[in-house]
Amino acid sequence: MQPKPIDTPQTQQAFVNWFRNSSPYIHAHRKRTFVISFEGEALLSTDFAHHVHDFALLNSLGIRLVLVHGIRPQIDERLQQLNLEPRFHQNLRVTDAQALECVKEAAGLVRVEIEARLSLGLANSPMAGAKIRVISGNFVTAKPLGVIDGVDYLHTGVVRGIDSDAIHQQLSQHNVVLISPIGYSPSGEVFNLSAEQVATEVAIALHAEKLILLTEQDCCDPLHNRSVAQMTTQEAISFLAQHTTLAHAIRRPLLAAITGCKAGIERVHLINRHHDGALLLELFSRDGIGTLISSDPFESIRPATLKDIAGILELITPLEQQGILVKRDREKLEMEITDYIIIERDGMIIACTALHVLPNAAAGVIACMAVHPNYQKGARGNRLLEYVTKRAKTQQLMTVFVLTTQTEHWFLERGFITADFAKAPATLKSRYNPQRNSKILVKTIG
Ligand SMILES: CC(C)(COP(=O)(O)OP(=O)(O)OC[C@H]1O[C@@H](n2cnc3c(N)ncnc32)[C@H](O)[C@@H]1OP(=O)(O)O)[C@@H](O)C(=O)NCCC(=O)NCCS
């Protein structure tokens with residue numbers, strides 16, 4: 001008889017919660033194409049096995065996976081063995097004939113190493129039962145980078161084309177496609193390419209849903225020494241212009257992300273590979289841990305539609321139960337949905353408010369203002385207030401009222417003053433519930 005392993009109810013519950021919360025992402029990612037690139041350094045590290053397990057997991061969840069690997073340290077190692085100095089110009093390798101031999105050797109060895117790791121299926125490893133077929137090939141054609149600043153880059157090249165049909169064919173057979181940073185010219189020459197460029201061009205050519213760049217460090221804002229959670233393409237361009245001394249380990253992937261987003265990839269993720277489970281956290285939790293770069297803002301404020309009702313109810317029901325907001329049923333929400341404004345973050349409604357016009361009074365009332373507890377103190381309340389104020393002005397209202405039980409000071413600090421109930425419009429008085437004993441505040445906006 002085997003004793004049951006000890007697992008506390010808390011850890012069990014945490015696991016169940018995590019699994020349930022990740023299920024929308026599992027559905028959303030299935031059959032989507034993700035291109036993941038990682039540097040040659042990743043292969044040298046002891047925790048590379050974890051990444052391989054995560055790639056295998058993504059494959060088994062039905063994600064169409066393309067892996068692009070780097071080979072910089074492996075090339076340097078070979079050059080060193082031959083007592084040759086690596087040559088760089090503007091942080092790009094100049095690949096002469098000897099260096100090209102090192103490039104070919106490094107690419108071959110790294111590819112074989114990754115294929116071997118993905119083939120591992122030992123019964124006592126996380127890869128048990130994972131039958132992964134890995135396909136490599138001549139998917140990338142290249143041309144010489146040429147001469148820049150008088151420096152001839154020789155066999156260093158740039159991507160000229162991607163055989164997207166051939167890659168799609170492999171992906172549709174559930175194969176993982178592994179691509180080295182090497183390209184071939186129609187005349188049979190071999191070119192040394194940048195892994196980020198190959199990954200970006202592959203993602204663009206495949207119309208991939210995601211380009212994921214596993215980086216060697218976090219994308220940090222040097223002014224605040226904090227990781228950047230998300231940027232639009234435009235913000236990423238400004239960020240690079242503002243921080244000219246950023247490490248190449250982040251500058252290069254950021255440039256790749258900008259190119260990718262401009263060419264139509266919806267989401268590019270920069271994830272520091274040193275965080276254990278980084279890939280899974282980024283893909284299967286709402287906020288992730290990396291830096292998301294997207295052409296559209298990740299979080300947007302917009303008028304609500306009928307499709308948003310379930311999300312709004314989910315947000316406001318706990319506040320109604322605490323008596324902070326007045327109870328609203330689904331029918332009332334449906335009837336008044338055009339009055340509502342929401343903030344949506346990655347498909348989830350995290351804040352809302354409504355502006356109801358009070359007939360015959362050139363006035364409105366702000367109602368149902370709520371920000372999800374996880375996202376409070378991020379100026380979202382302010383954004384909603386600014387939005388409704390603008391809307392009130394376009395509707396030619398002169399004043400906006402608010403009835404509040406617990407948030408009086410928040411509104412007072414934003415220019416509202418206590419209103420005289422006796423002078424309030426009759427249509428507002430008819431909304432007033434004496435049992436709630438709300439404070440009435442008003443702001444002139446006209
Ligand atoms: C009030 C609310 C909408 C503000 O949203 P938010 O996005 O956190 O607001 P902002 O980031 O723009 O402002 C945050 C500031 O408001 C303050 N604040 C939050 N709730 C407050 C309250 N009830 N009274 C006074 N100040 C409050 C915060 O302390 C913070 O100030 P600080 O940084 O100086 O400490 C949000 O806290 C919420 O949803 N509360 C629960 C629902 C509610 O009360 N709705 C109003 C119904 S009338």
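All of the numbers you see were taken from the coordinates with simple rules; none came from a lab. Quantities reported herein were computed from a predicted structural model and do not represent experimental measurements. Heads up, the Cβs are rebuilt from the backbone with ideal geometry, glycines too, and the neighbour counts pull from every protein chain shown.
Observations, loosely collected:
- Overall shape: prolate for segment 164-290, with the ratio a/c of the largest to smallest alpha carbon gyration tensor axis at 1.5 or above and a/b above b/c.
- Against the chain, whose longest principal axis comes from its Cα atoms, helix 195-206 is set at around 60 degrees.
- Rounded to the nearest Hz, the phi-derived 3J(HN,Hα) couplings of segment 187-192 under the Karplus curve 6.51 cos²θ - 1.76 cosθ + 1.60 (θ = phi - 60°) are 8, x, 7, 10, 10, 8, where x marks glycine and proline.
- Tilt relative to the chain, helix 380-394 - C-alpha long axis, 0 to 90 degrees, to 10: 60 degrees
- Residue exposure sequence - Ile237, Ile179, Ile349 - by fewest surrounding Cβ within 10 Å: Ile237, Ile349, Ile179
- Karplus 3J(HN,Hα) series, Hz, for segment 171-179 with 6.51 cos²θ - 1.76 cosθ + 1.60 (x for Gly, Pro): 5, 5, 9, 6, 8, 8, 9, 10, 10
- As a proxy for reagent exposure, Leu178, Leu270, Leu223 were ordered by neighbouring Cβ count within 10 angstrom, fewest first; the result is Leu223, Leu178, Leu270.
- Seen through its C-alpha gyration tensor, with square-root eigenvalues sorted a ≥ b ≥ c, the chain comes out prolate because a/c lies at 1.5 or above while a/b is bigger than b/c.
- Relative contact order [Cα under 8 Å, 6+ residues apart], segment 258-417, whole percent: 16 percent
- Relative contact order for segment 314-406, counting Cα pairs under 8 Å that sit 6 or more residues apart, in percent: 25 percent
- Ranked Thr156, Thr259, Thr317, Thr244, criterion: other C-beta atoms within 10 Å, fewest first: Thr244, Thr317, Thr259, Thr156
- Rg then Dmax, both in Å and based on the Cα atoms of segment 57-156: 17.6, 56.
- Using a cutoff of 8 angstrom between alpha carbon atoms and counting only pairs six or more residues apart, the relative contact order for the chain works out to 11 percent.
- Greater than 20 Å apart at Cα, pairs in Lys390/Lys423; Lys307/Lys332; Lys31/Lys131; Lys423/Lys443; Lys332/Lys390: Lys390/Lys423; Lys332/Lys390
- Amide H contacts under 5 Å for His372, placed H, 5+ residues apart: Ala351
- Karplus-based coupling profile of segment 307-312, in residue order and whole Hz: 5, 8, 4, 4, x, 5, with θ = phi - 60° in 6.51 cos²θ - 1.76 cosθ + 1.60 and x standing for Gly or Pro.
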